[in-house]
1. What residue, of 265, 236, 284, 248, is surrounded by fewer than 19 Cβ atoms within 10 Å (Cβ to Cβ) and small (Gly, Ala, Ser)?
2. Within segment 173-189, is there a residue that is at pLDDT 90 or above, over 25 Å from residue 307 (Cβ atoms) and more than 26 Å from the chain's Cα centre (by Cα)?
3. Mind checking which residues of segment 210-266 are among the polar types (S, T, N, Q) and in contact with a Pro (Cβ under 6 Å, 6 or more places away or on another chain)?
4. Looking at segment 196-217, can you tell me whether even one residue there is within 24 Å of residue 426 (Cα to Cα), modelled with pLDDT of 95 or more and aromatic (Phe, Trp, Tyr)?
5. Scan segment 231-252 and give yes if some residue there is out of contact with any Gly (no Cβ under 6 Å at 6 or more places or on another chain), part of a helix (DSSP H, G or I) and of a type in the set (Lys, Arg), otherwise no.
6. For the condition buried (at least 24 other Cβ atoms within 10 Å of the Cβ) and among the hydrophobic types (A, V, I, L, M, F, W, C), what is the one hit in 339, 358?
7. Checking the structure you have, find out if any residue of segment 276-284 is free of Cβ contacts under 8 Å to residues at least 40 places away in the same chain and not aliphatic (A, V, I, L, M).
8. For residues that are under 26 Å from residue 425 (Cα atoms), out of contact with any His (no Cβ under 9 Å at 6 or more places or on another chain) and surrounded by 18 or more Cβ atoms within 10 Å (Cβ to Cβ), tally how many sit in segment 251-262.
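The values are calculated or read from the model by the stated rules, or taken from the named source; none is laboratory data. What you are looking at is a predicted structure, and each value in this text was computed from that prediction instead of being measured. Note: ideal-geometry Cβ built from the backbone for every residue, glycine included; neighbour counts use all protein chains shown.
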Amino acid sequence: MPLGSSAGVGAQAWVAQARTLLTGGDIAGAWAVCSEAAGRARRRGDGTALAEIALVIRAPADLGIRACVHALACEALPLLGVDEDALRARLLAQVAATRDPFYGAVDEFGELQSETSETTLLDLQAAVGRLQNPRHVESRLLLARRAVALGRAAADLELEAWGRRWRMDALAELGRRADLADELRLVSPLADALGPEWRSWVLLVRASTRLLEGRFADTSHLLDTALAVGGASGLAGYFDLVFRSEIARTTGVGLDGVAVRVREAVDGLPYLAKGWLALVLGTAGKREESEELWRAIRPHVGRVPHDAPELLPASAGHAELCRWFDDEEVASAVYDQLVDYDGLHVIGLAHGPYGGPVSLTLGRLALVVGRPDDARHHLEAALAQSQAVQAAGFTATAHAELARSFSPSTRGRSEHARAALSAAQRLGMHPLTDAVAPLAAGVALSFPGLTPREWEVALLVADGLTNAQIAQRLVLSLRTVENHISHLLHKRGLSTRTALAVWAKASGPTKDK
């Protein structure tokens, strides 16, 4: 039935048409039907019809559609009659389930009550949404168990599938990879029965696993398949670029094209999403623009909602930017925020990219603020946790960070640097290979009274490199290099760049020292 074919068509027919499109994976088409039907119901003042329409699409990944569904549910609430308590309960649950944690209060409409199977699902979705903070991971596991039990008892495939999905999100955060694999095996037949959107979700979970293992080509193939199954307007379309940017940043391949796409994507996202763009640009060597973005973002890093799945991934990204730009102030604040989550893993959802153990991020931050002993404690834990979940790329990264935590010319530095270099070369992690090669070669990168980065810059000045060449070699912005040289001149009591080069050459270690 095409849109607009009948002015008097009932709400149930429109709802049925939208659900058919939804089952086929066409979320954008389903919302187009809902929007048209809502306009007709609105003109008739039919609150019941508006409510039924607002309940068609559940927790869509597309933020624009999610916001529209949320607004429609809020609009319908005051239009319901006094005898429509069951429908009101379902609508209240939908309001909470579609709430964007970056905006609005946690629960604008009070407690929810379950009366039907559908309301039970919506209530549980709302409850899980309120417990997204990593501290509540065990509570989410309990809710997931309840959903699975209720779904199986009622033969409700969707309720059971959502329960297993929430359980997998929690298991990924806890690093319980064997349990996650078991759940994926159990949920796959349910997803096959529930339609393309669920099948594409399973493919995204598999892509996350392949990315964790450092199997980048396999990850890309799974993303292509997920996109073909779920469509560009569904979950796969939303997460495709998130995965692609992680692959590009890790391998160094295709960064310029990804940067263009990310720049377009962040325009429609919350302001702090610009940190994503800063990371991509910085890895692509565009450190000047990356630093400008960071300077704009850094005053607001504490505004990431604590009940958003993006909390740990965003904080890990902020930690990397802190290190690039020697931002001790923000590094200290992010460290204090994350230390309560030590032992967990950086992943918002089981179908999103894995970001390594939280302990790896804590170790990086401790290095920025000049606490190498604390850094080593966190990084040794990160190495063990990465190995336990078979996260090959993050095992290499943990070795690299551990190498930086040791003093020059020590066995710890050389052994970890060689391990990092070998793994990075094997996996095709070209940016990490370039970064760790000087450490593996045995070059001492520190000097009493100077930070490791300042000493690194001093040695390159001694080698005759220009500021621009140093910036390119170290993947820094030109402004950051200029600041380092200014600090070096001040600390050593020198007046010219030539004098700095002479001093560094005389003081610098050989590769055998």
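1. 265
2. Yes: one or more hits.
3. Let us first name the residues in segment 210-266 that are among the polar types (S, T, N, Q), namely 219-220, 225, 233, 245, 250-251.
Correct list: empty.
4. yes
5. Yes, the conditions are met somewhere in segment 231-252.
6. Going through 339, 358 in turn, just one is buried (at least 24 other Cβ atoms within 10 Å of the Cβ) and among the hydrophobic types (A, V, I, L, M, F, W, C): 358.
7. Looking through segment 276-284, none of the residues is free of Cβ contacts under 8 Å to residues at least 40 places away in the same chain and not aliphatic (A, V, I, L, M).
8. Narrowing segment 251-262 to residues under 26 Å from residue 425 (Cα atoms): 251-259.
Next cut, out of contact with any His (no Cβ under 9 Å at 6 or more places or on another chain) only: 254-259.
The next check asks that each one be surrounded by 18 or more Cβ atoms within 10 Å (Cβ to Cβ); those that pass are 255, 258-259.
So the answer is 3.
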